Amino acid sequence: MFVRTDDKITATQAAVFLNNTLLGAGILTLPRSVSESVKTPDSWISVLLGGAIVMLVVFIMVKISQQFPGKTVFQYAAQITGRVFGGGLCVLLVLYFIIIAGFEIRTLAEVTLFFLLEGTPIWAVILPFLWLSTYLVYGGINSIARVFTIVFPISIMILLISFILSVRLFDINHLRPVLGNGFPPVFAGLKSTVLVFTGVEVTMTLVAFMEKPKLAVKAMLGGLAIPLGLYFLTVVMVIGGISVDSAITSTWPTIDLMRSFEVPGFFFERMEFPFMVIWLMQMFCNFSSFFFQSTLGISQIFKIKIHPIIYAMVPVLFLSAMLPKSMTDLFAFGDAIGKMGIVLFLLLPVLLSVIWLIRVKGLKQHV
Amino acid sequence: MYSRRFLLILCCLMLLATQTSCWSSKEIEDLALYAGLALDTGELTPTEQALEEQGATYPKRNKITVTIQMVPANSVGGIESSDTSSGSPYLNVTGTGDSVLEIFRQYSIRRERPIIGHHLKVIVVSSELLKQQKMNQLMDFVLRDNDIRPSTMVFLSQGRARETLVSKEKNEIPAFHIRDMIRNQKRTSKLMDPVILSKMDALMYSKRSYALQNLVTANGEVEFSGAGIIKGDTGHWVGMLNQEDTECLSWLTNEGKTGVIKTYDWNNQPMTYEMKAMKSKITAVTDGGNLAFDVKITTEGRLSETWNAEEYPSATKHAQKAEKLFKEKLEQMMQALIQKLQSDYKADVAGFSDRLSIQKPALWRKSEDHWDDVFSRTPIHINVDLKITDFGSFTN
């Protein structure tokens, strides 16, 4: 068997890695969260606009990371701003990753318990995923990237099949009028569309692992374009299928779209079960990615070996997942994560870039 | 070395526990699937009365009577046991109380198998109940529940809703029968597009008025007849559309493109037009600040039946005359529908609001909150374009 020892990933792997980090529970709730703030059928414009903004953000992240080849944000932040301040920023980032990881696996568990395994205790759903993820993360970035490349086509395929079958409910009039209330609702929706891209911060560590860091811009923007396309498709199909009014009132609008039709005589009569089961893998990838990022962060900030940290993280992540007491808590948690993401974006790539520019271009220092 | 092996074995053992993966599994044979649900005004059944006389009751106000149609596992799986004593492939259970879920749970102290809603196909609500309760109140539970799928269809019934779930056919499950009848939309537009729960959800949230197909029963037979109108702002049942109105409604909303138009010709003999293509277009127009709707209906079809033996209408003779008569008839039918919607019920169930919101969003925003009022005052011009393209395979 081909075993890599250098812990590097190719550009394609990096793109898939980013994609699987972003595409998770967000797709199940996005149509509702956008519609709630937009209130007109224009949410798809918000998604595209939000995606464009995030593309810009990722571009900045890649550019700053490319100045420090082979180094992750956890290493170069200290170089730019000094050990204490940089370390502080990175600890924040690690905390952020831990919280998202907890959020992802908790959402996974909630969906599973509500639709699939009513009656199973929540820990019995979370723990196997947590153990499996531990095993995966133990293998390093290469094994993770390879698992992601296996999961990626399967989950995308089932999502697309589900959407194709839902065409029977699709009514273009649900998406009209376009811009009936002008642009203000579209901007109102930006808040929630930017939030579904939480996790793009991994860009700042991924670039360091790339075989050819020069391809980073292409790979990262490619990795971002796929979830953007799928989010766009999701919003269009869900709003077109069950209309804005129904999407607003539904807890899991995307699943409700799948539950709104039956396909007699098809391999599966009901698409929500295959979709949910496969989508669990996607959420697992999501979780593993953040698991990996947070352990990597701790290991690099405090210069400790990564393997003991992986084990130490298991209970922390479990607690993070069990923190929200109810669904209301969970969704509030999701919103908080989005806000943290924006603050972190301002703190990390922007601040780091500015300081780096001042030091290198202005003060002619060698960083 | 030993500690690592110990860890490995420990991990394996822990994983083993997850491998059975049947923590919350339920055998389908042990469950009672229900395919139909009927909601009625609270009225105790004789069995319930007898039970309650013996004190078998709990605190309740008897606001609603819920009937579910359970489908025994053996008839679903296709294993027909040759000598079933009951003979009926379904079983209706009725309970009375205040909350749908509470009544559902009451079934558990009367029947041995727990009920499960994954296969619910049809919900029938009696119009009588909708005069007392709001649609939102009745649909709340079914929309929240995690078993019941949003693909479930909702109908109204003229009489008791539970009677629509009874059939005199031996091997027929009424809930499936009702669902399958929808397929006949290919033949008649008196069947409207079924309203499924997710659409219902949107309609109730946007507070718009809507029409639901009506079911009428007699002698153990069910007929789809007309539609009931639910007012958006109150959520109550306000009135009925007859079969002809319902047909026109389907044509107006482009949901139905089939059907026949029958009229009487110059000799007072029936003649029938069969629709082959139909398209309706609603346009919102403003002249001098006043809103109006232009409705354009274009249809092509065949003259399929005539009883006139003397002056047979054909491509060469009387074709124009026949066309004109059918056109008048269709216009008349449409006018009757519009008249009912605007004056009698003051409810826009024909999607005029959708057209307005798409074509003139600014105007729609202004009248959104009191749309049904605005609608009832808005002039609607109907323009019918009817064309007989052929006269069948029989010519004189």
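Brief remarks on what is shown
- Span from the region A:289-367 Cα centroid across to the region B:127-187 one, whole angstrom: 52 Å
- Footprinting exposure proxy for A:73, A:91, B:166 (fewest neighbouring C-beta atoms within 10 Å first): A:91, B:166, A:73
- Given +1 at the Cβ of Lys and Arg, -1 at the Cβ of Asp and Glu and no other charges, the dipole of region B:247-390 around its Cα centre is 300 debye to the nearest 20.
- Selection from A:184, A:246, A:273, by position along the positive dipole direction of region A:179-277 (Cβ): A:184
- Of the DSSP H helices in chain A, those whose Cα atoms cover at least 30 Å axially and whose Kyte score averages 1.0 or more: A:43-66, A:83-111, A:140-165, A:216-249
- Placing unit charges on each Cβ (+1 for Lys and Arg, -1 for Asp and Glu) gives region B:247-390 a dipole about its Cα centre, and among B:303, B:271, B:357 the Cα reaching farthest toward its positive end belongs to B:357.
- Within 10 Å of the Cβ of each residue in B:198-208, the mean number of Cβ atoms contributed by other protein chains is 6.
- A DSSP coil position with no more than 12 other Cβ atoms inside 10 Å describes the following chymotrypsin sites (Phe, Trp or Tyr not before Pro) in region A:1-108: A:2.
- Compared with the dominant Cα axis of chain B, that is its longest principal axis, helix B:243-252 is turned about 90°.
- Farthest towards the positive end of the charge dipole of the protein assembly as shown, among the residues A:142, B:153, A:353, is the Cα of A:353, using unit charges on the Cβ of Lys, Arg, Asp and Glu.
- Residue with peak Gaussian network fluctuation, chain B [Cα springs, cutoff 10 Å], from B:201, B:40, B:265: B:265
- Using only side-chain charges placed at the Cβ, +1 for Lys and Arg and -1 for Asp and Glu, the dipole size of the protein assembly as shown relative to its Cα centre rounds to 3500 debye.
- The separation of region A:94-146 from region B:195-245, counted between C-alpha centres, amounts to 45 Å.
- Among the chymotrypsin sites (Phe, Trp or Tyr not before Pro) within region A:131-190, not one is in coil by DSSP while having at most 15 neighbouring Cβ atoms inside 10 Å.
- When the helices of the protein assembly as shown are scored as -39500 (n - 2.57) per DSSP H run of n ≥ 4 and the total is divided over every residue, the value at 222 nm lands at -16500 deg cm²/dmol.
- Neighbour counts of other Cβ atoms within 10 Å put A:295, B:283, A:120 in the fewest-to-most order B:283, A:120, A:295.
- Applying a DSSP loop filter and a limit of 14 other Cβ atoms within 10 Å to the chymotrypsin sites (Phe, Trp or Tyr not before Pro) in region B:255-292 leaves B:266.
- Exposure proxy shown here: for A:285, B:22, the number of other Cβ atoms within 10 Å sets the order, fewest to most, as B:22, A:285.
A short reminder: the numbers here are calculations on the coordinates, not readings from a lab. None of these values were measured; they are calculated from a predicted model. Note that each Cβ is placed from the backbone with ideal geometry, even for glycine, and that neighbours are counted across all protein chains shown.
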